[in-house]
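The values are calculated or read from the model by the stated rules, or taken from the named source; none is laboratory data. Worth saying up front: this structure is predicted, and the values here are computed from it rather than measured. Cβ sites come from the backbone with ideal geometry, for glycine too, and all protein chains shown count toward neighbours.
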Amino acid sequence: MISERLQQLRDLMAERHMDAYMIPTSDFHESEYVGEYFKAREFMTGFTGSAGTAVITKDEAGLWTDGRYFVQAGKQLSGTGVELRKMGNPGVPEILEYLETVLPEGGTLGFDGRVVNCRQGLDFEEKLADKHVTLAYEEDLVDQIWKQRPHLSKEPVWILDEKFAGKSAAEKISDLREEMKKEKATVHILTSLDDIVWLLNIRGNDVSCNPVVLSYAMVTMERFYLFINEETLNDQVKAYLKDLSVTVRPYNDIYASVSQLRDQRILLETGRTNYAIVKGIDSSNRIIDRMNPSVLAKAIKNPVEVENMKKGHIKDGTAMVKFIYWLKHNVGKQEITEISAQEYLDKLRSEQEGNLGISFDTISAYGSNAAMCHYKATSESNASIEPRGLYLVDSGGQYYEGTTDVTRTIAVGPLTDAEREHFTLTVISMLRLAAVKFLHGCRGLTLDYVAREPFWSRGINFDHGTGHGVGYLLNVHERPNGFRWRMVAERQDNCVLEEGMITSDEPGVYIEGSHGVRTENMIVCKKAELNEYGQFMEFEPLTMVPIDLEALDPSLMTERDKTLLNDYHKKVYDAVAPHLTEEEAVWLKEQTRAI
């Protein structure tokens, strides 16, 4: 089947004199996760992972993906005619390097310009110019092959009440226009879905787990144009948008509207705006390439959002405590698999008042499966959870009161010394980062060492970021705040940490073939004392879920580490116990006892 699709694509490429065709994992909005309509790369290659780019030539087909997916991609691509290109491995060229090699002089590279961001497109233009390569970006060839392609999502749009948002859309739009004035911009083009729905205090369900709405926005000093499928808007939402002086236009009209702009100063972010939009802008306009102003405004949660998040995390903590209680009492007594445990936890979350679903696909991993930090249980890999070793669950929920993301590693039976040591180091790391005090002006890069020192001092490391920003009833991964020891510019998660920013704190240890450990809390940044040295900042924990004392080795902890854990556990018990059954509350009291 895949080979037939590749041949059909090559036939279309030959008709258009294309020498290579690129299919990324993206939608028209540079979203991290995409709806079913946009899974063209999966359709063409059979690889179902969330990250990867396919490049097809007349003789070769390659799939570039990162280390999270080497094993999965190797299995899914076997026998398809698509070769796995393991990104970062010796001898594996980057996509652009590969294209420079295989494209002939005067050749043509094809791709759908709506699913490639402008910055990448311009990079292709520059690097392939020496070979006089033409970029053919105006046609989606996969669409002509994919006869049963799902329709674009058009889930209903709804209004997020100001008691949850904490600030009116009118105020947010006014603030945006003030930022436009600072940049001397007359037009702002906005295509990132979380920015648009945050700005308008609306939500939807067009991307799984992310309550966003397929839309584009174009803002001037007088007008706000929203490009959206009008079928998604009921009378209440239409009236609400009208009151905000928002003009609704058809979703695809953004391209025609942009092409009509003349002599404007257009603020947009080339790394988050698709290539087709920017190429449609007339040369009489000047582009101001800056991060969308709404990114920072959205990341700094207002006091209402912060208080709501605290409430949401108590609900989420209640579901997690009930889950851990159930698991501890039933493992070894009944058949529990990774998938059945995941389903039970998702059910417990759904029963919490105000829950709107999960915030990402739950990672439910037992034993050696937990050593793959982005593991997802499938019918083929689904392990039975036995009464020994460690079980890791990384999960989260969407609530009117915000977005949650928590990881706990749980002892389901006797542990090895290595498992206990790695568990304890991870807890120490998480607690120390959460307890750090720092001067305003610090970034995640500054603070990451606090989390890694317990590992690095023993010659251990974890190969992922220590933390990411989290949205408010939005994307579970949100820029521009984060914790990393080295920064990747494209991630844009190394801003100055400001009061109200919410970040995950999630160190871990991953031993291939044996076990994986991660402990993750969400923390909110707030002001501490102001003195002659400046404004000090600190964090407050939001996550209210106990840490498994059965897996802990207190001999590895300092007295301060123990105090931090005891203080945290007291907060957990006080917050969650009132929402449990009597038996669960008694159990939680024991689980949060002072050590």
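Listed values, structure above:
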| quantity | calculated |
| --- | --- |
| Residue among Tyr366, Tyr375 that alone is crowded, with 22+ Cβ neighbours inside 10 Å, aromatic (Phe, Trp, Tyr), over 17 Å from Ser504 (Cα atoms) and modelled with pLDDT of 95 or more | Tyr366 |
| Some residue of the range 466-489 being modelled with pLDDT of 95 or more, of a type in the set (S, T, N, Q) and under 20 Å from Met372 (Cα atoms) | yes |
| When residues of the range 171-197 are limited to those that are of a type in the set (Asp, Glu) and touching a residue at least 24 places away in the same chain (Cβ under 8 Å), the one surrounded by the fewest Cβ atoms within 10 Å (Cβ to Cβ) | Glu183 |
| Of all residues in the range 323-353 being in contact (Cβ under 8 Å) with a residue 24 or more places away in the chain and not in a helix (DSSP H, G or I), the one that is surrounded by the fewest Cβ atoms within 10 Å (Cβ to Cβ) | Glu353 |
| Unique residue being assigned to a loop (DSSP other than H, G, I, E, B) and out of contact with any strand residue (DSSP E or B) (no Cβ under 6 Å at 6 or more places or on another chain) when the list is Val258, Val212 | Val212 |
| Residue match in the range 10-33 (condition: among the small types (Gly, Ala, Ser) and without any contact (Cβ under 8 Å) to a residue 60 or more places away in the chain) | yes |
| Long-range neighbours under 7 Å by Cβ, at least six apart or interchain, first residue farther than 19 Å from His132 by Cβ within the range 83-109, second among the hydrophobic types (A, V, I, L, M, F, W, C) and assigned to a helix (DSSP H, G or I) | Leu84/Ala73; Leu84/Leu77; Lys86/Phe70 |
| Verdict on Val92 being β-branched (Val, Ile, Thr), in contact with an Asp or Glu (Cβ under 9 Å, 6 or more places away or on another chain), in the same structural domain as Thr53 (by TED's automatic domain parsing) and outside any helix (DSSP H, G or I) | no |
| Identity of the residue in the range 186-209, part of a loop (DSSP other than H, G, I, E, B) and over 19 Å from Cys118 (Cα atoms), that ends up modelled with the lowest pLDDT | Ser208 |
| Search result, residues across the range 487-504 that are under 11 Å from Gly465 (Cβ atoms), surrounded by fewer than 23 Cβ atoms within 10 Å (Cβ to Cβ) and touching a residue at least 40 places away in the same chain (Cβ under 8 Å) | Met487, Asn494 |
| Matching option when the condition is outside any helix (DSSP H, G or I), of a type in the set (S, T, N, Q) and either in the same structural domain as Gln120 (by TED's automatic domain parsing) or farther than 30 Å from Ile196 by Cα (or both), among Ser429, Ser379 | Ser379 |
| Subset of the range 268-322 that is among the hydroxyl-bearing types (Ser, Thr, Tyr) and part of a helix (DSSP H, G or I) - its residue that is farthest from the chain's Cα centre (by Cα) | Thr318 |
| Residue identified as over 29 Å from the mean Cα position of the chain (by Cα), without any contact (Cβ under 8 Å) to a residue 24 or more places away in the chain and either assigned by TED's automatic domain parsing to the domain that holds Asn308 or under 19 Å from Lys328 (Cβ atoms) (or both) among Asp561, Asp574, Asp553 | Asp574 |
